[in-house]
Amino acid sequence: MKAIRRITAADIRDQLIRTRFPAPEFAFLEQVRNATGAHADRSADVIAMSVWPSRGLEIHGIEIKVSRGDWLRERRAPVKAEACARYCHRWWIATEQEVVKPDELPAGWGLMVLGGSLQTELLPSAKGPGMSIVKQAPLLQPQPIGYDFLASILRSAAKATSDAERLAAAHADGRRLGRSESRRLTAAEMDGKLRALERAASWILREATKTREAIVQQQGQGHAAADPAEP
(Lines give C-alpha, C1' and ligand atoms only; values in the text may rest on other atoms or scores of the structure.)
Protein backbone atom coordinates (compact mmCIF):
# COMPACT_ATOMS: atom_id res chain seq x y z
CA MET A 1 0.00 0.00 0.00
CA LYS A 2 1.45 3.36 -1.03
CA ALA A 3 1.92 5.98 1.68
CA ILE A 4 -0.10 9.17 1.33
CA ARG A 5 -0.15 12.36 3.35
CA ARG A 6 -1.75 15.76 3.38
CA ILE A 7 -0.15 18.51 1.34
CA THR A 8 1.58 21.07 3.53
CA ALA A 9 2.64 24.68 3.10
CA ALA A 10 6.21 23.39 2.72
CA ASP A 11 5.12 21.27 -0.28
CA ILE A 12 3.61 24.30 -1.98
CA ARG A 13 6.63 26.46 -1.15
CA ASP A 14 8.99 23.85 -2.61
CA GLN A 15 6.98 23.62 -5.82
CA LEU A 16 6.87 27.40 -6.14
CA ILE A 17 10.67 27.43 -5.98
CA ARG A 18 11.09 24.48 -8.33
CA THR A 19 8.52 25.21 -11.01
CA ARG A 20 7.58 28.91 -10.85
CA PHE A 21 10.31 30.96 -9.19
CA PRO A 22 13.58 29.04 -9.58
CA ALA A 23 17.04 30.48 -9.00
CA PRO A 24 18.90 32.18 -10.55
CA GLU A 25 16.03 33.78 -12.46
CA PHE A 26 14.28 34.75 -9.23
CA ALA A 27 15.13 35.82 -5.71
CA PHE A 28 12.83 33.92 -3.34
CA LEU A 29 12.29 35.11 0.24
CA GLU A 30 9.97 33.70 2.88
CA GLN A 31 8.04 35.40 5.68
CA VAL A 32 8.77 38.96 4.65
CA ARG A 33 7.28 41.54 6.99
CA ASN A 34 5.95 44.88 5.77
CA ALA A 35 8.52 46.64 7.97
CA THR A 36 10.98 46.01 10.77
CA GLY A 37 10.74 46.73 14.45
CA ALA A 38 7.55 48.05 16.01
CA HIS A 39 6.12 49.07 12.64
CA ALA A 40 5.88 45.45 11.43
CA ASP A 41 2.31 44.21 11.70
CA ARG A 42 1.79 42.17 8.51
CA SER A 43 3.79 39.71 6.45
CA ALA A 44 3.79 37.92 3.12
CA ASP A 45 4.48 34.19 3.05
CA VAL A 46 6.68 34.69 0.00
CA ILE A 47 8.17 37.63 -1.87
CA ALA A 48 9.73 36.59 -5.18
CA MET A 49 11.38 38.96 -7.62
CA SER A 50 12.50 38.28 -11.14
CA VAL A 51 16.05 39.54 -11.41
CA TRP A 52 16.55 39.10 -15.15
CA PRO A 53 15.61 42.29 -17.04
CA SER A 54 14.64 40.19 -20.05
CA ARG A 55 11.77 38.74 -18.00
CA GLY A 56 10.76 42.01 -16.41
CA LEU A 57 11.86 43.07 -12.95
CA GLU A 58 8.60 42.23 -11.22
CA ILE A 59 7.90 41.62 -7.56
CA HIS A 60 5.46 38.78 -6.80
CA GLY A 61 3.77 38.55 -3.43
CA ILE A 62 2.36 35.14 -2.48
CA GLU A 63 0.12 33.91 0.30
CA ILE A 64 0.07 30.12 0.85
CA LYS A 65 -3.19 28.52 1.96
CA VAL A 66 -3.60 24.81 2.72
CA SER A 67 -7.03 24.79 4.32
CA ARG A 68 -10.43 26.15 3.46
CA GLY A 69 -10.78 27.78 6.87
CA ASP A 70 -7.49 29.63 6.50
CA TRP A 71 -8.58 30.96 3.13
CA LEU A 72 -11.99 32.09 4.38
CA ARG A 73 -10.33 34.06 7.17
CA GLU A 74 -8.09 35.72 4.59
CA ARG A 75 -11.06 36.46 2.37
CA ARG A 76 -12.97 38.18 5.15
CA ALA A 77 -10.16 40.72 5.61
CA PRO A 78 -8.36 41.12 2.25
CA VAL A 79 -7.24 44.63 3.18
CA LYS A 80 -4.63 43.08 5.51
CA ALA A 81 -2.69 41.87 2.50
CA GLU A 82 -2.32 45.43 1.24
CA ALA A 83 0.45 46.05 3.77
CA CYS A 84 2.75 44.03 1.48
CA ALA A 85 0.71 43.77 -1.72
CA ARG A 86 0.97 47.50 -2.38
CA TYR A 87 4.66 47.03 -3.16
CA CYS A 88 4.11 44.10 -5.55
CA HIS A 89 3.54 43.94 -9.29
CA ARG A 90 1.45 40.77 -8.85
CA TRP A 91 -0.29 39.20 -5.86
CA TRP A 92 -1.03 35.49 -5.70
CA ILE A 93 -2.75 32.88 -3.62
CA ALA A 94 -0.89 29.55 -3.82
CA THR A 95 -2.85 26.58 -2.61
CA GLU A 96 -3.97 23.03 -3.30
CA GLN A 97 -7.07 22.00 -5.18
CA GLU A 98 -10.54 22.63 -3.76
CA VAL A 99 -9.39 25.18 -1.19
CA VAL A 100 -10.00 28.40 -3.14
CA LYS A 101 -12.63 29.03 -5.82
CA PRO A 102 -11.48 31.45 -8.52
CA ASP A 103 -14.61 33.59 -8.21
CA GLU A 104 -13.84 34.15 -4.52
CA LEU A 105 -10.63 36.05 -5.24
CA PRO A 106 -10.56 39.80 -4.61
CA ALA A 107 -9.92 41.98 -7.64
CA GLY A 108 -6.27 42.01 -8.63
CA TRP A 109 -5.37 38.64 -7.09
CA GLY A 110 -4.16 35.59 -8.99
CA LEU A 111 -4.45 31.90 -8.13
CA MET A 112 -1.94 29.07 -8.45
CA VAL A 113 -2.88 25.51 -7.52
CA LEU A 114 -0.63 22.55 -6.76
CA GLY A 115 -1.09 19.75 -9.26
CA GLY A 116 -2.69 16.54 -7.97
CA SER A 117 -5.47 16.01 -5.47
CA LEU A 118 -5.94 16.91 -1.81
CA GLN A 119 -3.78 13.91 -0.98
CA THR A 120 -0.60 13.18 -2.86
CA GLU A 121 1.39 9.98 -3.14
CA LEU A 122 4.88 10.10 -1.71
CA LEU A 123 6.66 9.20 -4.91
CA PRO A 124 10.12 10.35 -6.03
CA SER A 125 10.01 13.09 -8.63
CA ALA A 126 12.49 15.48 -10.17
CA LYS A 127 10.22 18.49 -9.85
CA GLY A 128 6.96 17.24 -8.43
CA PRO A 129 3.42 18.07 -9.54
CA GLY A 130 4.14 21.75 -10.14
CA MET A 131 1.98 24.85 -9.70
CA SER A 132 -0.76 25.48 -12.26
CA ILE A 133 -2.05 29.00 -12.87
CA VAL A 134 -5.82 28.91 -12.49
CA LYS A 135 -6.25 32.67 -12.63
CA GLN A 136 -3.54 34.98 -13.87
CA ALA A 137 -2.56 37.71 -11.45
CA PRO A 138 -2.93 41.02 -13.31
CA LEU A 139 -0.12 43.53 -13.47
CA LEU A 140 -0.60 46.06 -10.68
CA GLN A 141 0.81 49.54 -10.15
CA PRO A 142 2.97 49.12 -7.05
CA GLN A 143 4.00 51.91 -4.78
CA PRO A 144 7.69 52.77 -4.61
CA ILE A 145 9.38 50.64 -1.97
CA GLY A 146 9.96 52.56 1.22
CA TYR A 147 12.87 52.12 3.59
CA ASP A 148 10.74 50.15 6.06
CA PHE A 149 9.90 47.46 3.51
CA LEU A 150 13.39 47.53 2.05
CA ALA A 151 14.85 46.90 5.50
CA SER A 152 12.55 43.92 5.94
CA ILE A 153 13.51 42.50 2.54
CA LEU A 154 17.22 42.86 3.31
CA ARG A 155 16.79 41.26 6.71
CA SER A 156 14.97 38.30 5.16
CA ALA A 157 17.70 37.99 2.54
CA ALA A 158 20.40 38.05 5.21
CA LYS A 159 18.58 35.37 7.20
CA ALA A 160 18.17 33.20 4.11
CA THR A 161 21.90 33.56 3.35
CA SER A 162 22.82 32.73 6.94
CA ASP A 163 20.54 29.69 6.95
CA ALA A 164 22.01 28.49 3.65
CA GLU A 165 25.54 28.88 4.99
CA ARG A 166 24.68 26.92 8.14
CA LEU A 167 23.09 24.16 6.07
CA ALA A 168 26.13 24.02 3.79
CA ALA A 169 28.47 23.83 6.79
CA ALA A 170 26.34 21.13 8.41
CA HIS A 171 26.29 19.18 5.15
CA ALA A 172 30.06 19.43 4.84
CA ASP A 173 30.52 18.35 8.46
CA GLY A 174 28.13 15.47 7.90
CA ARG A 175 30.03 14.31 4.84
CA ARG A 176 33.33 14.46 6.72
CA LEU A 177 31.83 12.60 9.66
CA GLY A 178 30.28 10.09 7.31
CA ARG A 179 33.58 9.40 5.58
CA SER A 180 35.38 9.09 8.91
CA GLU A 181 32.66 6.82 10.29
CA SER A 182 32.75 4.75 7.12
CA ARG A 183 36.50 4.29 7.43
CA ARG A 184 36.20 3.47 11.13
CA LEU A 185 33.40 1.00 10.59
CA THR A 186 35.22 -0.61 7.69
CA ALA A 187 38.34 -1.06 9.80
CA ALA A 188 36.24 -2.48 12.65
CA GLU A 189 34.52 -4.89 10.30
CA MET A 190 37.85 -6.03 8.87
CA ASP A 191 39.24 -6.50 12.39
CA GLY A 192 36.18 -8.53 13.32
CA LYS A 193 36.56 -10.75 10.28
CA LEU A 194 40.26 -11.31 11.05
CA ARG A 195 39.43 -12.24 14.63
CA ALA A 196 36.75 -14.63 13.41
CA LEU A 197 39.25 -16.24 11.02
CA GLU A 198 41.78 -16.53 13.84
CA ARG A 199 39.21 -18.24 16.06
CA ALA A 200 38.22 -20.58 13.25
CA ALA A 201 41.85 -21.42 12.49
CA SER A 202 42.54 -22.05 16.18
CA TRP A 203 39.51 -24.35 16.44
CA ILE A 204 40.59 -26.26 13.33
CA LEU A 205 44.10 -26.64 14.73
CA ARG A 206 42.78 -27.96 18.06
CA GLU A 207 40.46 -30.42 16.35
CA ALA A 208 43.23 -31.58 14.03
CA THR A 209 45.54 -32.12 17.02
CA LYS A 210 42.87 -34.13 18.83
CA THR A 211 42.25 -36.24 15.74
CA ARG A 212 45.97 -36.91 15.23
CA GLU A 213 46.41 -37.92 18.87
CA ALA A 214 43.41 -40.23 18.67
CA ILE A 215 44.81 -41.88 15.53
CA VAL A 216 48.23 -42.34 17.13
CA GLN A 217 46.59 -43.84 20.21
CA GLN A 218 44.50 -46.25 18.15
CA GLN A 219 47.55 -47.29 16.13
CA GLY A 220 49.50 -47.95 19.33
CA GLN A 221 46.71 -50.13 20.71
CA GLY A 222 46.56 -52.04 17.44
CA HIS A 223 50.27 -52.81 17.49
CA ALA A 224 50.07 -54.02 21.11
CA ALA A 225 47.26 -56.42 20.26
CA ALA A 226 49.12 -57.87 17.27
CA ASP A 227 52.36 -58.69 19.16
CA PRO A 228 52.33 -62.16 20.91
CA ALA A 229 52.89 -62.16 24.64
CA GLU A 230 56.24 -63.42 25.83
CA PRO A 231 56.26 -66.75 27.71
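The values are calculated or read from the model by the stated rules, or taken from the named source; none is laboratory data. Predicted, not measured: the structure shown is a model, and the values here were computed from it. Note that each Cβ is placed from the backbone with ideal geometry, even for glycine, and that neighbours are counted across all protein chains shown.
Pick from Asp45, Asp41: which is surrounded by fewer than 20 Cβ atoms within 10 Å (Cβ to Cβ) and not polar (S, T, N, Q)? Break it down stepwise before answering.
Details: Asp45 fails: surrounded by fewer than 20 Cβ atoms within 10 Å (Cβ to Cβ).
Unique residue meeting the criteria: Asp41.
Is it the case that the stretch 137-147 has a residue that's part of a helix (DSSP H, G or I), modelled with pLDDT of 70 or more and surrounded by fewer than 16 Cβ atoms within 10 Å (Cβ to Cβ)? Talk me through it step by step, then tell me what you get.
Taking the stretch 137-147 first, the residues part of a helix (DSSP H, G or I) are 147.
Those still in the list that are modelled with pLDDT of 70 or more too: 147.
With surrounded by fewer than 16 Cβ atoms within 10 Å (Cβ to Cβ) added as a condition, the list becomes 147.
Yes; the residues of the stretch 137-147 include at least one that is part of a helix (DSSP H, G or I), modelled with pLDDT of 70 or more and surrounded by fewer than 16 Cβ atoms within 10 Å (Cβ to Cβ).
From the residues in the stretch 49-62 that are of a type in the set (Gly, Ala, Ser) and over 13 Å from Ala94 (Cα atoms), which one is nearest to the chain's Cα centre (by Cα)?
Our first condition is that a residue be of a type in the set (Gly, Ala, Ser); within the stretch 49-62, this holds for 50, 54, 56, 61.
Add one more test, that the residue is over 13 Å from Ala94 (Cα atoms), and what stays is 50, 54, 56.
Numbers: Ser50: 24, Ser54: 31, Gly56: 30 Å.
The residue in question is Ser50.
Against the condition charged (D, E, K, R), modelled with pLDDT under 95, under 19 Å from the mean Cα position of the chain (by Cα) and surrounded by fewer than 14 Cβ atoms within 10 Å (Cβ to Cβ), how does Arg6 come out, does it pass? Even if it seems obvious, please write down each step before you answer.
Numbers: charged (D, E, K, R): yes; modelled with pLDDT under 95: yes; under 19 Å from the mean Cα position of the chain (by Cα): yes; surrounded by fewer than 14 Cβ atoms within 10 Å (Cβ to Cβ): yes.
So Arg6 passes the test.
Only one of (1) surrounded by fewer than 19 Cβ atoms within 10 Å (Cβ to Cβ); (2) of a type in the set (Val, Ile, Thr); (3) within 19 Å of Gln143 (Cβ to Cβ) is not met by Ile17, so which one is it?
The number of the failed condition is (3).
Tally time: how many residues in the stretch 81-114 are surrounded by fewer than 17 Cβ atoms within 10 Å (Cβ to Cβ), touching a Lys or Arg at 6+ places or on another chain (Cβ under 8 Å) and under 18 Å from Ile59 (Cα atoms)?
0
Which of the helices (runs of 4 or more DSSP H) found entirely inside the stretch 5-112 contain at least 2 residues meeting this: closer than 29 Å to Asp163 by Cα and touching a strand residue (DSSP E or B) at 6+ places or on another chain (Cβ under 8 Å)? Let's see the steps before the verdict.
Working: elements: 9-15, 68-76, 82-85.
In the stretch 5-112, the matching helices (runs of 4 or more DSSP H) lie at 9-15, 82-85.
Does Arg76 qualify as being in contact with a helix residue (DSSP H, G or I) (Cβ under 7 Å, 6 or more places away or on another chain) and over 15 Å from Gly110 (Cβ atoms)?
On the way: in contact with a helix residue (DSSP H, G or I) (Cβ under 7 Å, 6 or more places away or on another chain): no; over 15 Å from Gly110 (Cβ atoms): yes.
Answer is no for this residue.
So if I check each of Val99, Val79, which one is of a type in the set (Val, Ile, Thr) and under 27 Å from the mean Cα position of the chain (by Cα)? Steps first, answer last, please.
Working: Val79 fails: under 27 Å from the mean Cα position of the chain (by Cα).
From the options Val99, Val79, the qualifying one is Val99.
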